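**Q** Quick one: structure below, then a few questions.
The values are calculated or read from the model by the stated rules, or taken from the named source; none is laboratory data. No experiment lies behind these values; they were computed from the predicted model shown. As a convention, Cβ positions derive from the backbone with ideal geometry for all residues, glycine included, and neighbour counts pool all protein chains shown. Accessible surface is based on the protein model in full, side chains and every heavy atom, while ligands, DNA and RNA are left aside. Shrake-Rupley method; radii C 1.70, N 1.55, O 1.52, S 1.80 Å.
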Amino acid sequence: YEKRVVKHLHPPVWLRDKAYFETNPEYFSLDEKGKRVPDRHLCFTNPDLQKELTKNILRLYNELKTKPANQGRVLLMNVSSYDKAYKLCYCPKCMELQEKYNSAGATLILYLIDLAKNNPDIIFYTDAYQRSLTQIPPALKEKLPDNLIINIAPINAHFSHSWAATSLNRL
């Protein structure tokens, strides 16, 4: 099974081809002081970022799919947040969605749901980690698309106890 699956790439690759922070700082998260920052996360409620990100993800997927080494393999496109222990974004629209869905990671998950629905032939994968980021799922009324995999990485868990033995292991 492992030889048939290609798990690929974290967010930096999606915006690597040009100096996006210089040309489009609005693509990046607003910090708690109201300043756009290049080294935290992306502002997933920005519609232009969503278009650019989707274009880059699909371009990379198509490049990978045509490589001879990937023939007959299932490609998992990993679209995860940066590994930074900061809230994804403090802009008003992101904060509104985080509050509405009771999840700091709501904006990323909502983007991924839309991406997966619009590209049903591609399997998307994301890591959910850090309770302050994406580990607590958004309160959704709908089922996740079948082509969206969310991998829980419980880095805050107490591994010497069972999942039910301590409140630290429960979301």
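**Q** I'm trying to understand the selection: among the residues of the range 105-124, which are open to solvent by less than 20 Å² (accessible area, probe 1.4 Å) and either on the phi > 0 side of the Ramachandran plot or of a type outside the set (S, T, N, Q) (or both)?
**A** If the condition is that a residue be open to solvent by less than 20 Å² (accessible area, probe 1.4 Å) and either on the phi > 0 side of the Ramachandran plot or of a type outside the set (S, T, N, Q) (or both), then 105, 106, 108, 109, 111, 112, 113, 115, 116, 122, 124 are the ones that fit.
**Q** Of all residues in the range 44-57, count the ones that are in a helix (DSSP H, G or I) and closer than 14 Å to residue 112 by Cβ.
**A** Within the range 44-57, the first condition is being in a helix (DSSP H, G or I), and the residues that meet it are 47-57.
From what's left, closer than 14 Å to residue 112 by Cβ: 49-50, 53-54, 57.
Count: 5.
**Q** Of the residues in the range 21-55, how many are within 21 Å of residue 100 (Cα to Cα) and open to solvent by 60 Å² or more (accessible area, probe 1.4 Å)?
**A** Total satisfying the criteria: 2.
Quick grid of which residues meet (1) among the aromatic types (Phe, Trp, Tyr); (2) in contact (Cβ under 8 Å) with a residue 40 or more places away in the chain:
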{"residue": "61", "(1), (2)": "yes, yes"}
{"residue": "73", "(1), (2)": "no, yes"}
{"residue": "78", "(1), (2)": "no, yes"}
{"residue": "88", "(1), (2)": "no, yes"}
{"residue": "91", "(1), (2)": "no, yes"}
{"residue": "99", "(1), (2)": "no, no"}
{"residue": "104", "(1), (2)": "no, no"}
{"residue": "107", "(1), (2)": "no, yes"}
{"residue": "112", "(1), (2)": "no, no"}
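**Q** Within the range 1-51, can you find the residues that are of a type in the set (Val, Ile, Thr) and modelled with pLDDT of 90 or more?
**A** Within the range 1-51, 23, 45 meet the criteria.
**Q** Here is a follow-up. Can you tell me which residues in the range 100-122 are charged (D, E, K, R) and either part of a loop (DSSP other than H, G, I, E, B) or under 16 Å from residue 87 (Cβ atoms) (or both)?
**A** 100, 121, listed by residue number.
**Q** Could you please find all residues in the range 71-80 being surrounded by 15 or more Cβ atoms within 10 Å (Cβ to Cβ) and in contact with a helix residue (DSSP H, G or I) (Cβ under 7 Å, 6 or more places away or on another chain)?
**A** 75, 77, 79, 80
**Q** Against the condition open to solvent by 50 Å² or more (accessible area, probe 1.4 Å), outside any loop (DSSP other than H, G, I, E, B) and within 20 Å of residue 148 (Cβ to Cβ), how does residue 65 come out, does it pass?
**A** Here the answer is yes, as residue 65 does meet what is asked.
**Q** Right, here's the next one. Kindly establish whether residue 58 is at pLDDT 85 or above and surrounded by fewer than 19 Cβ atoms within 10 Å (Cβ to Cβ).
**A** yes
**Q** What number goes with the only condition from (1) in a loop (DSSP other than H, G, I, E, B); (2) at pLDDT 85 or above; (3) open to solvent by 20 Å² or more (accessible area, probe 1.4 Å) that residue 89 does not pass?
**A** (3)
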